[in-house]
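S.K.: So that we are looking at the same thing, I have put the structure below in structure tokens.
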Amino acid sequence: MRYLPLTPDDRTEMLAAIGAKSIDDLFVDVPQSARLDGPVDLPRVAGELEVERALSAMAGKNATAGTTPFFCGAGAYKHHVPATVDHVIQRSEFLTSYTPYQPEIAQGTLQYLYEFQTQVANLTGMPVANASLYDGSTAMAEGVLMATRVTRRNKAVISGGVHPHYVQATETVVHAVGVETQVLPAAVDAEADVIAQIGADTACVVVQTPNVFGTATDVTKIAEAAHAAGALLIVVVTEAVSMGLLKSPGEMGADIVAAEGQSIGNALNFGGPYVGLFATREKLIRQMPGRLCGETVDAEGERGFVLTLSTREQHIRRDKATSNICTNSGLCTLAFTIHMSLLGETGLRNLALLNHEKAVATRDALAAIPGVEVLTPRFFNEFAVKLPKPAAEVVERLAEHRILAGVPYSRLAPDAGMDDLLLVAATETTLDADIKILAGALAKVLAA
Amino acid sequence: MSTMNTVGRPTTPNAGSEKPATLTGGRGLLQNEALIFEGDGWGKTGVDLPKPKTDGADLGDLVRKDPIGLPGLSEPEAMRHYVRLSQKNHAIDLAIYPLGSCTMKHNPRLNEKMARLPGFSDIHPLQPQSTVQGALELMDTLSHWLTTLTGMPAVALSPKAGAHGELCGLMAIRAAHEASGQHEKRRKVLVPTSAHGTNPATAAFVGYSVVEVAQTDDGRVDVADLASKLGDDVAAIMVTNPNTCGLFERDILEISRLTHEAGAYFYCDGANFNAIVGRVRPGDLGVDAMHINLHKTFSTPHGGGGPGAGPVVLSEALAPFAPAPWVVNDGDGFKLLERAEEDAAQAFGRLCAFQGQMGMYVRALSYMMSHGSDGLRQVAEDAVLNANYIKARLSDLMSAAFPNGPCMHEALFDDEWLKGTDITTLDFAKAMIDEGFHPMTMYFPLVVHGAMLIEPTETESKAELDRFIEAMRALAGAAKAGDVDRFKGAPFHAPLRRLDETRAARSPVLRWTAPQGSNQAA
């Protein structure tokens with residue numbers, strides 16, 4: 001038990017200092033009938049080598065993105081992360097520190113959170129951002145709840161282009177407090193359909209751009225329509241790199257941006273941990289959920305940073321708090337902010353252009369295959385194709401050849417009647433050779 | 001008069017002389033570190049990427065025209081910036097982090113190494129399930145460990161933090177009441193006054209009204225008060241056990257019996273599971289739902305605030321309502337059921353886009369396997385032993401809030417012993433910083449005046465505990481001797497002096513903006 005420093009002698013000495021005869025004396029408050037006599041039925045202590053072998057065996061059974069032609073997206077993206085990022089986030093002082101409740105000895109964490117908030121605000125084109133939420137989908141749910149608090153209205157109109165899992169995660173939470181949702185039917189390129197649904201009871205309109213089918217949309221007109229009706233516009237972004245090239249949500253009139261930050265600095269991780277980006281307008285900050293870092297001064301007038309506006313939070317307001325959240329994605333924000341600092345504006349724009357370039361090349365290669373129809377009109381790094389066969393079957397067949405061809409839309413929304421639709425994403429990590437392999441294999445599978 | 005160390009040198013180098021201010025604001029090796037926005041990084045980049053062949057012209061009007069406002073750092077500049085920042089942080093790898101109810105324990109690097117195996121870190125949440133059988137096996141194995149350790153039949157892995165787990169548990173409870181047609185009348189959740197703020201916040205978040213339950217003089221749930229408030233309008237009770245006063249709820253069996261008799265469910269906040277793991281199974285206490293903060297009990301690193309993971313174990317009664325997705329093994333390999341309709345139509349929905357915090361699952365399982373069932377039992381014993389040792393060795397100088405009987409994983413003191421000194425809990429905490437220690441949790445739980453909550457955890461050695469105890473005793477002695485200046489102005493030796501939190505809240509500045517007249521971006 002290499003992680004436990006007490007020796008048997010230590011334990012004896014300490015029990016004596018306490019005045020207890022045995023360790024059982026310290027568990028005296030536990031009812032007799034609920035005490036376990038000995039260890040539960042699980043394997044006993046294992047050495048480092050043993051654990052490493054067992055877990056490596058499980059890891060070895062998975063096909064990894066870095067070793068296969070890989071085109072999966074739909075809310076999680078394979079990007080290259082500079083070595084510096086992982087090195088820095090593993091530094092003890094970042095990795096093993098806690099929430100910065102004592103700001104005098106947590107300025108490292110607090111300063112990077114402040115830098116992160118500024119980066120996210122600038123990237124999203126919004127005045128302020130928080131220090132992150134769990135992920136993009138929970139950020140969207142928090143956004144809808146926040147909009148109902150701000151407008152004192154009760155209904156969210158959600159575009160059919162929003163990621164179905166984001167919609168489900170949001171509905172699960174907001175329905176519990178009686179917020180109604182109206183979700184429009186899925187359509188590759190129909191963000192503007194939401195305008196007709198806006199009414200006097202609409203708290204917010206939720207659109208995603210680029211949407212789950214990859215379609216990039218200028219949502220300025222939707223923002224105008226929402227504002228004219230006294231509703232807020234929530235813009236969801238699942239691919240943060242897209243904001244390096246496309247018009248920002250803020251520029252298009254968003255009131256709240258709920259985005260997934262995984263693409264910058266964070267690995268795929270089979271779905272988590274990720275990092276929810278959340279930004280809004282200045283006058284709404286007291287309604288914002290999550291943790292916030294703010295600037296202040298110390299007793300000698302030196303600039304410093306602290307967690308702030310805690311009067312919104314659960315530990316003070318308890319059942320009146322803006323949310324029950326009591327954490328953020330600290331280490332993932334650090335990864336995000338380091339990667340973003342390395343990229344800078346020039347690097348981010350180049351990265352975004354490379355993503356677009358690879359996706360266009362992939363689109364061109366797939367469009368040339370008989371029976372394949374590209375549906376997405378304007379896209380960043382992901383697009384939808386219609387196949388002459390069920391997409392899930394095609395993906396399985398290609399997986400047998402170790403090609404991860406994309407995400408069948410039916411995996412996200414089995415009842416949408418879009419079984420022939422495949423979502424294909426490319427990034428800077430996509431090789432020309434990968435595109436060739438995918439196109440060749442797809443042509444074969446479709447011809448068979 | 002300065003103190004001498006064992007070789008006769010003064011322990012403070014500038015003892016006897018005024019400290020001159022430095023010319024640059026640096027302190028020793030500690031450099032002042034500007035914000036990345038205040039440097040010359042505009043237009044700079046620290047990554048080498050191929051030159052794109054496109055300028056995005058095909059996207060027309062959708063392309064961003066104005067500058068974003070993101071400075072760049074070369075790789076050496078980035079290394080220095082973040083390493084310098086790191087030097088201004090306390091961390092568990094530097095010294096004891098005695099934050100009660102936050103459970104900061106050693107973070108083994110083996111866990112990090114395992115989580116970074118490409119087979120776990122470089123797989124996509126939506127790739128074909130046939131290509132991620134090992135990942136699903138890991139989730140299944142983790143589930144087995146969690147259900148066995150808690151004596152509960154089912155687990156929902158996907159909640160992304162402890163508070164998210166509370167949400168999951170309460171939504172399962174709500175779904176169960178909806179299924180039995182009782183939801184309309186059961187609109188209350190009972191929460192003891194000593195609960196974490198997340199408990200009432202979560203209950204309210206799920207649409208319940210929160211009713212507080214009183215606490216007895218010995219720091220436990222007042223069973224008589226609970227019984228008087230239980231009725232057919234109560235959906236659930238939420239009890240933390242061991243509780244936030246560091247005490248085991250002695251009447252827990254009675255509490256669960258009364259709760260079930262009233263037709264309500266028993267939600268247990270499992271934040272302090274590390275105190276009983278391997279010695280008590282919550283299932284045997286009648287718990288219906290309990291979240292487990294993987295970072296607390298199973299050592300996933302806290303990283304300055306997260307990410308966390310909050311799997312929820314569920315009783316038979318609540319299991320059918322667990323959110324999607326979940327893993328099954330149908331003999332033909334592992335399968336991830338992603339929609340409620342596929343298996344149990346009663347699932348209350350979905351909590352997040354994918355399957356939760358895989359990276360944290362790997363770390364937690366690595367920790368569990370390293371200890372094994374015998375080691376995990378030892379974890380609880382050592383955590384409890386360490387806390388009681390601290391309590392025993394400080395109780396003569398400081399006032400333990402509940403002096404009678406043992407505590408569990410944390411020792412709770414109040415500020416009674418500081419009466420008449422003009423020193424507050426906050427002052428005392430800041431002086432601890434000067435002595436090289438992270439302060440304990442202050443002012444929580446709310447039920448104790450000026451609370452000081454100390455949790456050592458099982459990964460502290462006796463030598464480190466003794467060092468901590470000696471420092472606390474020295475400080476307590478100084479406080480009682482009237483050495484007020486040592487406390488009022490503290491910390492004197494941290495990277496910054498006491499920070500003005502009121503000012504930060506009154507006029508919030510949440511981001512950097514370019515100084516007026518500068519031509520820097522944004």
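S.K.: Rounded to whole Å and sorted largest first, list the principal axis extents of the Cα atoms in the range A:324-448.
M.R.: Projected onto its principal axes, the Cα set of the range A:324-448 covers 49, 38, 29 Å.
S.K.: Give, as a single signed number, the net charge of other residues whose beta carbon lies under 13 Å from the beta carbon of A:Glu393, with Lys and Arg counted +1 and Asp and Glu -1. Mind showing how you got there, number by number?
M.R.: On the way: positive: A:Lys389, A:Arg397, A:Arg411; negative: A:Glu396, A:Glu400, A:Asp419, A:Asp420.
Net local charge, A:Glu393 excluded: -1.
S.K.: Further question: Compare B:Glu410, A:Glu300 by solvent-accessible area with a 1.4 Å probe and give them largest first, with all protein chains kept in place.
M.R.: Values: B:Glu410 0, A:Glu300 105 Å².
Most to least solvent-accessible, the answer reads A:Glu300, B:Glu410.
S.K.: Would you mind computing, in nm to one decimal, how far apart the modelled labels at B:Gln182 and B:Glu470 are, each placed 7 Å from Cα along Cα→Cβ?
M.R.: In this crude spin-label approximation the distance works out to 5.8 nm.
S.K.: What's the ranking of A:12-20, B:253-261, A:62-70 by average number of surrounding C-beta atoms within 10 Å, highest first? Each step should come with its number before you reach the end.
M.R.: Details: A:12-20: 15.2, B:253-261: 17.6, A:62-70: 20.9.
The peptides rank, most packed first, as A:62-70, B:253-261, A:12-20.
S.K.: Okay, moving on. If every alpha-carbon in the range A:266-331 counts as one equal scatterer, what log10 I(q)/I(0) does Debye give at q = 0.17, 0.26 1/Å?
M.R.: Treating every Cα as an identical point scatterer, log10 I(q)/I(0) equals -0.77, -1.13.
S.K.: Once you average over the residues of B:30-38, how many Cβ atoms of partner chains fall within 10 Å of each Cβ?
M.R.: Numbers: counts 0, 0, 2, 3, 2, 8, 9, 6, 0.
What the average comes to for B:30-38 is 3.
S.K.: Find the Cα radius of gyration of the range A:258-399, compare it with 2.2 N^0.38 Å by division, and give the number to two decimals.
M.R.: Values: Rg = 21.8 Å, N = 142, 2.2 N^0.38 = 14.5 Å.
Cα-based Rg divided by the globular estimate yields 1.51.
S.K.: Which value, in nm² and rounded to one decimal, describes the direction-averaged projected area of the C-alpha convex hull of the range B:447-493? Walk me through the numbers on the way to the answer.
M.R.: Numbers: hull surface 19.3 nm².
The number I arrive at for the range B:447-493 is 4.8 nm².
S.K.: Using θ = phi - 60° and the Karplus form 6.51 cos²θ - 1.76 cosθ + 1.60, what ³J(HN,Hα) does each residue of the range B:388-400 get, whole Hz, x for Gly and Pro?
M.R.: Karplus values, whole Hz, x for Gly and Pro: 5, 5, 4, 4, 5, 7, 10, 5, 6, 9, 10, 9, 5.
S.K.: If you roll a 1.4 angstrom probe over the protein chains with everything in place, what fraction of the accessible area of the range A:128-187 belongs to carbon and sulfur, to the nearest %? It would help to have the intermediate numbers written out before the result.
M.R.: Numbers: 700 of 1470 Å².
In the range A:128-187, the share of accessible area belonging to carbon and sulfur is 47 percent.
S.K.: Report in % the part of the accessible area of the range B:419-522 that belongs to carbon and sulfur, leaving out ligands and nucleic acids; probe 1.4 Å.
M.R.: 50 percent
S.K.: Over the Cα atoms of the range B:123-258, Rg to Rh with Kirkwood Rh, two decimal places? Could you put the intermediate results ahead of the total?
M.R.: Numbers: Rg = 17.8 Å, Rh = 16.9 Å.
Over the Cα atoms of the range B:123-258, Rg/Rh equals 1.05.
S.K.: Same structure, new question: What percent of all Cα-Cα pairs in the range A:355-419 falls in each 5 Å bin, counting up from 0?
M.R.: 4, 16, 24, 28, 21, 8, 1
S.K.: Let me ask another. Please compute the Kirkwood hydrodynamic radius over chain B, one decimal place, Å, based on all pairs of different Cα atoms.
M.R.: On the way: mean 1/r = 0.0384 Å⁻¹.
About 26.1 Å, per the Kirkwood formula over Cα pairs.
S.K.: Return the equivalent ellipsoid semi-axes of the protein assembly as shown as a descending list in whole Å, where each equals the square root of 5 times an eigenvalue of the C-alpha gyration tensor.
M.R.: On the way: eigenvalues 392, 224, 145 Å².
Working through the eigenvalues yields semi-axes of 44, 33, 27 Å.
S.K.: Could you give the accessible area per residue of the protein assembly as shown, probe 1.4 Å, as a whole number in Å²?
M.R.: Values: 32110 Å² over 970 residues.
I get 33 Å² per residue for the protein assembly as shown.
S.K.: Taking a threshold of 19 Å on the Cα-Cα distance, which of the pairs A:Lys21/B:Lys105; A:Lys320/B:Lys188; A:Lys61/B:Lys335 fall above it?
M.R.: Numbers: A:Lys21/B:Lys105 27 Å; A:Lys320/B:Lys188 15 Å; A:Lys61/B:Lys335 14 Å.
Flagged as over cut-off: A:Lys21/B:Lys105.
S.K.: Let me ask another. With a 1.4 Å probe and all protein chains kept in place, how much accessible area does A:Glu295 have, in Å² rounded to the nearest 10?
M.R.: 60 Å²
S.K.: Still on this structure, I have one more. Can you give me the pair-distance distribution of the range A:7-47, C-alpha pairs, 10 Å bins, whole percents?
M.R.: The calculated distribution, bin by bin, is 23, 35, 37, 5.
S.K.: Compute the length gained on full extension between A:Val28 and A:Glu180: take 0.36 nm times their separation in residues and subtract their Cα-Cα distance, giving the result in nm to one decimal. Please list the in-between numbers first.
M.R.: Details: separation 152, 0.36 × 152 = 54.72 nm, distance 5.01 nm.
Full extension of this stretch gives 49.7 nm more.
S.K.: Can I ask one more? Run the Debye formula on the Cα coordinates of the range B:369-522, all scatterers equal and no solvent, and tell me log10 I(q)/I(0) at q = 0.10, 0.13, 0.15 1/Å.
M.R.: Values, matching the q order: -0.48, -0.70, -0.84.
S.K.: Now a separate question. The range A:151-208 to the range B:468-522: how many Å between their Cα centroids?
M.R.: So the two Cα centres are separated by 44 Å.
S.K.: Quick one: the Cα spread of the range B:235-330 along its three principal axes, in angstroms, biggest first?
M.R.: Reported extents, whole Å, longest axis first: 41, 41, 24.
S.K.: Among the helices of chain A (complete DSSP H runs), which have Cα atoms covering no less than 30 Å along the helix axis and a Kyte-Doolittle mean of at least -0.5?
M.R.: Details: long enough: A:330-367 (42 Å, 0.51).
Correct list, ordered by number: A:330-367.
S.K.: Taking a 1.4 Å probe, which of B:Arg363, A:Arg378 shows the most accessible area, and what order do the others take after it? Show your work: numbers first, answer last.
M.R.: On the way: B:Arg363 20, A:Arg378 80 Å².
So, going from the largest accessible area down, we get A:Arg378, B:Arg363.
S.K.: Looking at the range A:378-448 from every direction and averaging, what is the projected area of its Cα convex hull in nm²? Spell out each step's value before the answer.
M.R.: Working: hull surface 20.4 nm².
Projected over every direction and averaged, the Cα hull of the range A:378-448 covers 5.1 nm².
S.K.: Compute the normalised compactness of the range A:168-294: alpha-carbon radius of gyration over 2.2 N^0.38 Å, N being the residue count. It would help to have the intermediate numbers written out before the result.
M.R.: Numbers: Rg = 14.9 Å, N = 127, 2.2 N^0.38 = 13.9 Å.
Against the compact-globule rule of thumb, the ratio is 1.08.
S.K.: Of all the C-alpha pairs in chain A, what % are more than 37 Å from each other?
M.R.: On the way: 35465 of 100128 pairs.
Percentage above 37 Å: 35.
S.K.: Taking only C-alpha pairs under 8 Å that are 6+ residues apart, what is the relative contact order of the range A:81-197 in percent? Show your work: numbers first, answer last.
M.R.: Working: 98 pairs, mean separation 22.1, N = 117.
It comes to 19 percent, rounded to a whole number.
S.K.: Which residues does the label zone of A:Arg44 cover in the range B:365-401, counting backbone N under 17 Å from a point 7 Å along Cα→Cβ?
M.R.: B:369-379
S.K.: Something else now. Near A:Gln262, within a Cβ-to-Cβ distance under 12 Å, what is the net charge of the other residues, with Lys and Arg +1 and Asp and Glu -1? Can you show the working numbers first?
M.R.: Working: positive: A:Lys78; negative: A:Asp135, A:Glu239, A:Glu260.
Around A:Gln262, the charge tally is -2.
S.K.: Quick check: with the 1.4 Å probe, what order do B:His449, B:His177 take by accessible area, largest first?
M.R.: On the way: B:His449 140, B:His177 5 Å².
So the residues, ranked largest to smallest area, are B:His449, B:His177.
S.K.: Using amide H atoms built 1.01 Å from N in the peptide plane, name the residues 5+ places from B:Met152, or on other chains, whose amide H lies under 5 Å from its own.
M.R.: HN-HN under 5 Å from B:Met152: B:Gly283.
S.K.: With viscosity set to 0.890 mPa s at 25 °C, what whole-number translational diffusion coefficient in µm²/s follows for the range B:245-288 from Stokes-Einstein and a Kirkwood radius over Cα pairs?
M.R.: Details: Rh = 11.1 Å.
Here the translational diffusion coefficient equals 220 µm²/s.
S.K.: Considering every residue in B:469-475, what mean count of other chain Cβ atoms within 10 Å of its Cβ is obtained? Working shown, then result.
M.R.: On the way: counts 0, 0, 0, 0, 0, 0, 0.
Going residue by residue through B:469-475 and averaging, the value is 0.
S.K.: Quick one: buried accessible area between A and B, total over both chains, 1.4 angstrom probe, nearest 100 Å²? Please list the in-between numbers first.
M.R.: On the way: alone 22590 and 26660 Å², together 32110 Å².
Roughly 17100 Å² of accessible surface disappears when A and B pair.
S.K.: Averaged across B:161-168, how many Cβ atoms of other chains sit within 10 Å of each residue's Cβ atom? Walk me through the numbers before you get to the answer.
M.R.: Numbers: counts 10, 3, 7, 7, 0, 2, 7, 1.
Across B:161-168, the average partner-chain Cβ count within 10 Å equals 5.
S.K.: Take the eigenvalues of the Cα gyration tensor for the range B:301-380, scale each by 5, and report the square roots as semi-axes in whole Å, largest first.
M.R.: Working: eigenvalues 141, 57, 38 Å².
Working through the eigenvalues yields semi-axes of 27, 17, 14 Å.
S.K.: Next question. Tell me which residues come under 5 Å, amide H to amide H, from A:Val237 once H is placed; ignore anything under 5 positions away on its chain.
M.R.: Answer set, sorted by chain and number: A:Ala258, A:Ala259, A:Glu260.
S.K.: Okay, moving on. If one puts a single equal scatterer on every Cα of the range B:80-189 and applies the Debye formula without solvent, what log₁₀ I(q)/I(0) results at q = 0.12, 0.13, 0.14, 0.16 Å⁻¹?
M.R.: -0.77, -0.87, -0.96, -1.10
S.K.: Then there is this: Once the convex hull of the alpha carbons of the range A:42-198 is built, what does its volume come to per residue, in cubic angstrom?
M.R.: Numbers: hull volume 38.8 nm³, N = 157.
Enclosed volume per residue, from the Cα hull, is 247 Å³.
S.K.: Nearest 5 percent is fine: what portion of the DSSP beta bridges confined to the protein assembly as shown is antiparallel?
M.R.: Details: 48 of 83 bridges.
Of the beta bridges lying entirely in the protein assembly as shown, close to 60 percent run antiparallel.
The values are calculated or read from the model by the stated rules, or taken from the named source; none is laboratory data. Because the structure is a prediction, the values reported are computed rather than measured. Glycine gets a Cβ as well: all are built from the backbone with ideal geometry, and neighbour counts include every protein chain shown. Ligands, DNA and RNA are excluded from the accessible area calculation, which covers all protein heavy atoms including side chains. Shrake-Rupley method; radii C 1.70, N 1.55, O 1.52, S 1.80 Å.
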